[in-house]
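Note sheet for the following structure.
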Amino acid sequence: MSDLLLADRITKSFGTNRVLRGVTIGIGRGEVVGLFGPNGSGKTTLANIITGLTRPDKGRILFEGKDVTGMSMDARFRAGIARTFQIPDPYPSLTVVESVRVALLCSEAGRKETEGKGPGFQENLDSLLVRTGLFAQRFWPAAKLSQGCLRRLEFARAISCRPKFILLDEVSSALSARDEAELVALMRSLHREEDISFLLISHNPLILEELCDRVVAIEDGRVFWEGKPGDLAKYVPTSHHAHGDEGGNHEGG
Amino acid sequence: MSGPLRFRFLAFVFAAISLACAPPASAEPPAPHPNLRIGILAPLSGPFASGGSSFLEAATLAVERANEGGGILGRRVELVVADSQGRVETAKSEAMRLISREKVFGIVGAYLSEETIGAIEAATAARRILVVPVAATAEITDGVRRDYPRYRYVFRVSYSIPQWAAMMAEFLRQKQARTYAFVGAGIRWNRELAGALKTALSVHNIVPVYEAFYSPRNPAFEPVAVAAAAAAPDFLVLGDPGKNSVVFVKRIREGGSKVPILSVGGSLGDARVAASLPLTGPLYVQAAAWKGTSEAATRYVAAFEKRFGYAPVGYSDTLPHDAMTVLLSAIRAAGRQDTDSVISALEKGAFPGVAGTYRFDAAHQAAWGPGSPDLHGTVIQWEKDGARIVFPRR
Amino acid sequence: MNPLAQVLVDGIFTGASYALMAAGLALILGVVKVVNLSHGAFFTLGAYVAYVLESRGLGNPLAAVLMAAVIAFAFGVFLCKSFINPVRSHPFSVAVGSLGFAILFEQAAQMLWGPHTLSIDLGAPVAVVDGVTLRRWGVISFLVSLGLLGGLSLLLSRPWGLPLKLIAEDEEIAGSVGMDVEKIRYLTFGAASSVAAIAGALLAPAATITPTMGRVPLILSLIVVIASGMEKVWNIFFLAVGLGLLSNVSAYLFAPHWSYVLLLAVICLLLVFRPKGLAAAGPARDY
Amino acid sequence: MKPPRFGKIPGVLVAGAGILLLLPLAGLDVFLLDVLTIGFLTAVYAGSWDIVGGLAGQISLGHALFFGTATYSCALLTSLLGWPFPLAAGAALLLSTAAGAAVGTLSAPLKGPFVALLTLALGEAAHEFFLGQTFFSPRGAYSWGGEGGIPVLLGIPWFSPWIAYYAALAFLLLCTWIMLRIARSETGLIWTALSGSELSARASGVDIRRHKRLAFVAAAALAGAAGVGFAACVGRATADDFSLELSFQAATFAAVGGRGTIVGPILAALLFYPLLQGTGIPPAGRVLLYALVLLFTLRFFPAGVAGTLRERARARRMAGRKGDGR
């Protein structure tokens, strides 16, 4: 298989609650895949397993052909698997620039290139901030940012490791239409310019239809549909679709 | 904070430190103080404040008596109090304060062994006399034997651990005990006492059938009480002088055991505490002196009760009185307020106190024990209507 | 008499006396969401109240418990209103500040009642069954802690306990549905302080009364509450009894002076194998 | 661009150090020299707590474990094994650092109150162990260890209170510099991040277990250094060097000074230790003063003095910059 990332027959239970029952999902190089499913379908658990926050009961995660199942979340970040969180958790006592700096310091890519933060490091840091539109607020305490800016900060943090793959968890929830549009543009430019693969997690079919090359839908811990985003509407119960139709959705989950 | 503001703040902080620390405007040459100043070093706050405060009361009584009798060498005696807080470094620095700032002639203290060791270092470095009234570890007088020129300033009025063991052994022998159990806190001085007692009793063929040290912080009293009672000794020796000894007695009596208990003294010598304890089995308490052991002791107990409203336990509230009395008598005997003269007076003389007459051996240890003419301690037994002296037999 | 049976019974009672203190601490941790290091001071307060009544010839356990509860409640509400609630956003400062309050209380107690060891009449054992003594304080601790923890878990599962449960779970929602979150916080803190004082008044006859007597129960109850995982009320009871049994049985069978070290070692092992305490359900361990 | 997190404090510290340098010339007696010497060492100890408890956010309630490991090592190695003091001091530093590595390894998987509980349990266990542990004394009919402690043989005949004072002051300055360097370093930044949000830190590639361990190691090394100095100045190591009270003392100074500011806890210890121990206040007054200062400071400066001032300064800067950005 030529997948960049493959989650192979993932099983996970919490106590007696079987959240994932053998989910397999692959993401090719440069591909944008959507992960669709209602609340409680196991989307976030799968995201946590892919990025290393949670260990699966069974199954493996392959990244660039290597088995990374036993790798911790931070090691996966340094290897090029980045993610954002549905609810950002900013560092309460750091500024924006410091928050991004931490990620840049830790990603081996940033480290090797600049060998102990020469001028190149600072340029890198500044360009990350400029690119995510946070440069003007770089000395703000991260905790004082608006929801939109917090998402940008998540993006800046995620791309600081020069990732090959980014997992976006409910990227557009709790955002205004303008913020959402800007984030989508940012994502598109990253995809275009750096050939980064994405896995978008959402329960909003409109977003997925707009951005994805392919959509996987899970329900009750199983993949129950996979196909073109354009066909998604046919397979989605109307209630979901109608719900997502409101544009700026406020489902935090 | 902006730069200058921060600087001002810090400057204030440091000014405050320097002000707080500056010696109280004592620029004038150190004129000899009109009073004879003696330092008292005892734990007056924290978990050991109980012992420390009765220590202070006892010493105060001794000083008041001396002053009623016209003072020493025509001078009033003045007590200067320092709180050792139960810590070695605090005892050391407070001893330094007494010496360098309060200009005391000598110090009576401290209470715990570790405090006393800290105070010894400070006192000997400054060549001041230190009279130890309570702490029992042999290490205190060992310095005098080992390095006399440096440690000759240290005298101990209270009994050392081997002397303590010898006095209790003598009592157990008279009671014709054949076996005993030892229970104490798992700390150094209780272990040393258990060892010394075993040595002293082995001469009389009295053997331990049970030995346990409960955890000092979170003692498991009940299983120790159960096991000690199950071992069925003729006597149970309770090595802990503190509050835990009271709880232990409650546990063992609660369990129905009537084994005779001999306590090393301390809290169990307190009549108010003893009144709350079940007397289903004999409870003996070792003490330095008790009301009735001598005329001086009876007078002292009466004076103490009148002054402070409760009867002394005969240990940490009696020995400090004797320590102070011994020091003051030695100064009187030396005829002048001079450290070397007072040391030689202490070494040669005999000084009557409440518990008997104190004579110091080559290690500056007061000669306690069965062999001593009248410094042999006492053992009382608690009964419904108060204490009865059971040792020495008369 | 069978010594081991006696040790087992005593172990359960000792554990129950840990649970008695831990119950209030857990209530504060759950509802006010701070670690209260002044809990031991309220225990001491209760013991002194019992002593004062006894020394005035009014040695009635019920009177002591009532009076201790009322005084401690007032003190607790005052402490919560004046210090703990305003500083709540800094939990670490609350912990240290409440320690300051405990020190303040210890000194006040020393000045009021003197530094000396005090003791009150123990009272006869409740019964002797088959040679095994049922110690009075033990039976009381067992029944009262069982009652308190049972009441607490009942409270959290019934409609009229809903406010507490809601606040423990989500204060924002509780506030938004019109609950006076602050008032409930004060009352909870006061009630928990009362519980500590009641424990002190009940256990006073079995202990010695000194100004610093609350330190050890505080540490023990802190250990029990945190190690239980701070989620399920009954875990506190089972862990406390388990630890009481452990320290008593190990002291009897092995060496009494290692009983506390062994207890602490078990706590360390528990944390190494269950990083979220006893309560952690399922494999919640991250990597 | 340097992060403005720790401002320009060293210049001010130099001024303070200058005052302390000259203080003995203003006629300090031995007592005050001794109190200030211990005060300097206490300040380093409080600062070391802040490295792990403040900066890295791992509340340690067993910090005395590292301090006691160092004092006990110094005492045992010099008194029982007859090692020269400098060699023993080196070994003591290594041992306390190793203790830090061990505690750090055990507590790295834990969070929040569980870290506090584990460190508390380890510290209490060590205290209890050393209270009951006596060692054979080669000298007489008594043992060493336990509450009575073990002597520390310094073996420097010219050691005097003045030398101790200046050595401790130099040590304090050195350690303060080191601690500020740590706080401002990349590692310090990562520790601050980790203390703020473990989840975000992990998603930023921070190996949180390694960094928690590292923070414990650094703090233990510094606390151990303070312990070595303490052993040298007091000449005694007792079981109380492991006590919970000593662990709480560090946490208390940190809370009052401002957790995570490094300078705050150091200044709090520098100010309070001499104030409480060096002014001869009657015991009851001293305890009441201590408790009231604690309560009032934390009531009005909930993040500690330096912490709250820093927060306010930041809020002011924010207000000034409200113009740009959203």
Original post:
Residue by residue through the range A:126-131, which ³J(HN,Hα) values in whole Hz follow from phi under the Karplus form 6.51 cos²θ - 1.76 cosθ + 1.60 (θ = phi - 60°), with glycine and proline marked x?
Top reply: 4, 5, 4, 5, 5, 4
Original post:
Got the relative contact order for chain A handy, in percent, Cα pairs under 8 Å and 6 or more residues apart?
Top reply: 27 percent
Original post:
For D:101-109, what's the mean count of beta carbons from other chains sitting within 10 Å of each residue's beta carbon?
Top reply: 2
Subject >> List B:LYS384, A:LYS43, ordered by accessible area with a 1.4 Å probe, largest first >> reply: B:LYS384, A:LYS43
Original post:
Across the range B:323-340, in residue order, what do the Karplus-derived ³J(HN,Hα) couplings come to in whole Hz, using 6.51 cos²θ - 1.76 cosθ + 1.60 with θ = phi - 60° and x for Gly and Pro?
Top reply: 4, 5, 4, 4, 4, 5, 4, 5, 5, 4, 5, 5, x, 8, 8, 9, 4, 5
**OP:** Return the calculated 222 nm mean residue ellipticity for chain C, to the nearest 500 deg cm²/dmol, obtained by summing -39500 (n - 2.57) across DSSP H runs with n ≥ 4 and dividing by the residue count.
**Re:** -23000 deg cm²/dmol
Subject >> Within chain B, helix-based [θ] at 222 nm, where runs of 4 or more DSSP H residues each add -39,500 (n - 2.57), nearest 500 >> reply: -13000 deg cm²/dmol
Subject >> Separation of the C:SER89 and A:LYS58 label points, Cα + 7 Å toward Cβ, nm >> reply: 5.0 nm
Original post:
Of B:HIS321, C:HIS257, which has the most accessible area with a 1.4 Å probe, and how do the rest follow in descending order?
Top reply: C:HIS257, B:HIS321
Original post:
With all protein chains present and a 1.4 Å probe, how do C:VAL241, C:VAL266 order by accessible area, largest first?
Top reply: C:VAL266, C:VAL241
Subject >> B:GLU192 accessible area, 1.4 Å probe, all protein chains in place, Å² to nearest 10 >> reply: 30 Å²
Original post:
What shape does the range B:185-269 have by the C-alpha gyration tensor, where a ≥ b ≥ c are the square roots of the eigenvalues, rounded means a/c under 1.5, and otherwise prolate means a/b greater than b/c and oblate the rest?
Top reply: oblate
Subject >> Within a Gaussian network of chain B (alpha carbon springs, distance under 10 Å), most fluctuating of B:ARG217, B:ARG299, B:ARG191 >> reply: B:ARG217
Subject >> Accessible area (Å², 1.4 Å probe, nearest 10) - D:ILE163 >> reply: 60 Å²
Subject >> Total formal charge among the other residues, if their Cβ is under 13 angstrom from that of D:ALA218, Lys/Arg +1 and Asp/Glu -1 >> reply: +3
Subject >> Estimated vicinal HN-Hα couplings, Hz - the range C:73-84 in sequence order (Karplus 6.51, -1.76, 1.60; Gly, Pro = x) >> reply: 4, 4, 4, x, 4, 4, 4, 5, 5, 7, 10, 5
Original post:
From the Cα gyration tensor of the range D:9-323, with a ≥ b ≥ c the square roots of its eigenvalues, which class applies: rounded if a/c is under 1.5, or else prolate if a/b is larger than b/c, or else oblate?
Top reply: oblate
Subject >> Sites B:GLU68 and D:ALA284 - FRET efficiency at Förster radius 30 Å, r taken between beta-carbons, to 0.05 >> reply: 0.60
**OP:** With runs of 4+ DSSP H residues as the only contributors, calculate the mean residue ellipticity of chain D at 222 nm using -39,500 (n - 2.57) per run, divided by the residue total and rounded to the nearest 500.
**Re:** -23000 deg cm²/dmol
Original post:
So what is the relative contact order for the range B:205-254, in percent, with contacts set as C-alpha pairs under 8 Å and at least six apart?
Top reply: 40 percent
Original post:
Relative to the Cα centre, what is the charge dipole magnitude of the range C:3-273, using +1 at the beta carbon of each Lys and Arg, -1 at the beta carbon of each Asp and Glu, and rounding to the nearest 20 debye?
Top reply: 140 debye
Original post:
With every protein chain left in place, what is the accessible area of A:GLU209 in Å² (1.4 Å probe, nearest 10)?
Top reply: 60 Å²
Subject >> Packing-based ranking, highest mean first, of D:30-42, D:90-102 given that Cβ atoms within 10 Å are counted >> reply: D:30-42, D:90-102
Subject >> Cα-based helix-to-principal-axis angle, D:9-22 vs chain D, degrees rounded to 10 >> reply: 30 degrees
Subject >> Relative contact order (percent, whole number), chain B, Cα cutoff 8 Å, 6+ residue spacing >> reply: 15 percent
Original post:
By the scheme Lys and Arg +1, Asp and Glu -1, what is the net charge of all other residues having a beta-carbon under 11 Å from that of A:LYS228?
Top reply: -2
Subject >> Spatial separation of Cα centroids for the range C:98-124 and the range B:308-360, in angstrom >> reply: 33 Å
Original post:
Hey, got the average number of other protein chain Cβ atoms within 10 angstrom for residues in A:17-28?
Top reply: 0
Original post:
In the protein assembly as shown, with Lys and Arg counted as +1 and Asp and Glu as -1 at Cβ, which of these residues, A:ILE10, D:GLY27, B:THR293, has the Cα nearest the positive end of the dipole, that is, farthest along it?
Top reply: D:GLY27
**OP:** Mark the label point 7 Å from the Cα of C:TRP113 along Cα→Cβ and return the residues of the range C:30-53 whose backbone N is within less than 13 Å of it.
**Re:** C:41-53
Subject >> Cα long-axis angle, helix B:295-308 against chain B (0 to 90 degrees, to the nearest 10) >> reply: 60 degrees
**OP:** Take the alpha carbon gyration tensor of the range C:146-257, find the square roots of its eigenvalues, order them as a ≥ b ≥ c, and report rounded if a/c is under 1.5; if not, report prolate when a/b exceeds b/c, else oblate.
**Re:** prolate
Original post:
Once the other residues with Cβ under 10 Å from the Cβ of A:ARG214 are scored (Lys, Arg +1; Asp, Glu -1), what is the net sum?
Top reply: -2
Original post:
Within 10 Å of each Cβ of D:290-301, how many other protein chain Cβ atoms are there on average?
Top reply: 6
**OP:** Report, to the nearest 10°, how far helix D:161-184 tilts away from the longest principal axis of the Cα atoms in chain D, using its own Cα long axis and a range of 0 to 90°.
**Re:** 30 degrees
**OP:** Report the antiparallel proportion of the DSSP beta bridges in the protein assembly as shown as a percent, rounded to a multiple of 5.
**Re:** 45 percent
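The values are calculated or read from the model by the stated rules, or taken from the named source; none is laboratory data. Model, not experiment: these values are computed from the prediction. Cβ atoms come from the backbone with ideal geometry, glycine included; neighbour counts cover every protein chain shown. For the accessible areas, the whole protein counts, side chains as well, though only heavy atoms, and no ligand, DNA or RNA atoms are used. Shrake-Rupley method; radii C 1.70, N 1.55, O 1.52, S 1.80 Å.
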